[in-house]
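Report on the structure given below.
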Amino acid sequence: MTIPDDFKHAFEFVQNKIHKTAKSKGWWDDPCNDGELIALMHSELSEALEALRDGNPPDDKIPEFSGLEAELADVIIRIMDMAAARKLDVAGAILAKTKFNTGRKHKHGGKAF
């Protein structure tokens, strides 16, 4: 699998824009600890599950997308926001992990899920 060279640059551009928006909307006025940030990611995943449980209707804020699509986007937005705030190289880790996964055994050697 070849990932375009500009992936990391584009990812970091978007994550910095997301973080700048979050800061401008007051989400970083008070210090956030890493546990709270991760809990917010969990809450978005729970909302994605609820969208599926409800039949995955159009999202109420961006109805051109399903609830699942919108909530998964929110998870990624939360991850990108934290990555920018904490200066984490998530884009680089995605590239490294993707490369690593290409060499793994089928189902990582027999895991059930």
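The values are calculated or read from the model by the stated rules, or taken from the named source; none is laboratory data. Worth saying up front: this structure is predicted, and the values here are computed from it rather than measured. Neighbour counts are summed over all protein chains in view; Cβ atoms, including those assigned to glycine, are modelled from backbone coordinates with ideal geometry.
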Report task. Could you check, for the range 64-78, whether at least one of its residues is surrounded by fewer than 11 Cβ atoms within 10 Å (Cβ to Cβ) and farther than 22 Å from LYS8 by Cβ? Result -> yes
Query raised in the report: Applying the selection to the range 39-73, what residues are touching a Gly at 6+ places or on another chain (Cβ under 9 Å) and in contact (Cβ under 8 Å) with a residue 24 or more places away in the chain?
Result: GLU47, ALA48
**Report entry** Among (1) within 12 Å of MET82 (Cα to Cα); (2) modelled with pLDDT under 95 - the single one LYS8 does not satisfy
**Finding:** (1)
Query raised in the report: Applying the selection to the range 36-61, what residues are under 22 Å from ASN16 (Cβ atoms) and either in contact with a Leu (Cβ under 9 Å, 6 or more places away or on another chain) or not charged (D, E, K, R) (or both)?
Result: LEU37, ILE38, LEU40, MET41, GLU44
**Report entry** Residue satisfying condition, being in a loop (DSSP other than H, G, I, E, B) and among the polar types (S, T, N, Q), within set ASN56, ASN16
**Finding:** ASN56
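Each row is one residue, and each column tells you yes or no for (1) among the polar types (S, T, N, Q); (2) modelled with pLDDT of 95 or more; (3) at positive phi; (4) out of contact with any Asp or Glu (no Cβ under 8 Å at 6 or more places or on another chain).
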site: ASN16; (1), (2), (3), (4): yes, yes, no, yes
site: ILE38; (1), (2), (3), (4): no, yes, no, yes
site: GLU44; (1), (2), (3), (4): no, yes, no, no
site: LEU52; (1), (2), (3), (4): no, yes, no, yes
site: ARG86; (1), (2), (3), (4): no, yes, no, no
site: ALA93; (1), (2), (3), (4): no, yes, no, yes
Query raised in the report: Under 7 Å by Cβ, and 6 or more places apart or on different chains, what pairs join a residue from the range 26-38 that is part of a loop (DSSP other than H, G, I, E, B) with one that is surrounded by 10 or more Cβ atoms within 10 Å (Cβ to Cβ)?
Result: TRP28/ALA22; TRP28/ALA85
